[in-house]
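Asks: To start, I am sharing the structure in question, which I have written as structure tokens.
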Amino acid sequence: MASSAWNSPVRRGLLVVLHSRPARPMSHPGVTVPAFVVSLFGLYFTGLFDLAMSSHRGHQLMLIHFLLVGLLFFGPILRVDPWPRRTAPGLRLVEMLLAVPFHAFFGVIVMQAAAPLSATLAESARRLGVDPLSDQSTAGGVAWGFGEAPIVLVTLVVFAQWLRADRREAARLDRQADRDGDAALAAYNAKLQRLQESASGR
């Protein structure tokens, strides 16, 4: 059952997409980080937000948009799927941490906004007997506080991947040293010896 699921049409389709020519530039941090940041500020602080909130279809399209942007941003960082770009765990952590201040800043702006970001949501809040600005400030606090939880979780996962990669590399080097009598270390020591002799000759 697991084997058939692994070879399912969905997985094959995913591999086709991830191995396609556009996938490599699309998974580059020069694309993923701005997309993650611009999605927040470009949608919530423009008329697009109120337009999306004015209909059920618009709301669903907004949710799909954020789902896709989240996959595009976190996919190459977590590397659970075979993304075309291979980046060291340390660099992947840097990619993610670049976006953290912007996300926190977004939550603070929403908390301190002097006017409702969406007239549609403000009207819905009033009909429920809720102050729109108070409701919006609470939402900003949630975005600021709880929104950082996935960042912390992903950081721990990538850090664990980093440790495992280091252990695998160390084990590989040990096996290589056993096979060739530590030729790499001998070559490095010989290079140092030549440098020392060259310096002494001066």
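The values are calculated or read from the model by the stated rules, or taken from the named source; none is laboratory data. None of the values given here were measured: they were computed from a predicted structure. Accessible surface is based on the protein model in full, side chains and every heavy atom, while ligands, DNA and RNA are left aside. Shrake-Rupley method; radii C 1.70, N 1.55, O 1.52, S 1.80 Å.
Asks: Out of the residues in region 138-152 meeting the condition of being part of a helix (DSSP H, G or I) and open to solvent by 40 Å² or more (accessible area, probe 1.4 Å), tell me which one is modelled with the highest pLDDT. Quick ask: steps written out before the conclusion?
Replies: First pass over region 138-152, keeping only residues part of a helix (DSSP H, G or I): 138-145, 148-152.
Of the ones still in play, those that are also open to solvent by 40 Å² or more (accessible area, probe 1.4 Å) are 138-139, 142, 144-145, 149-150, 152.
On the way: THR138: 92, ALA139: 88, VAL142: 88, TRP144: 84, GLY145: 80, ALA149: 79, PRO150: 80, VAL152: 82.
Top of the filtered list is THR138.
Asks: Consider GLY90 carefully, then state whether it is over 18 Å from ALA35 (Cα atoms) and not aromatic (Phe, Trp, Tyr).
Replies: Numbers: over 18 Å from ALA35 (Cα atoms): yes; not aromatic (Phe, Trp, Tyr): yes.
The answer is yes for GLY90.
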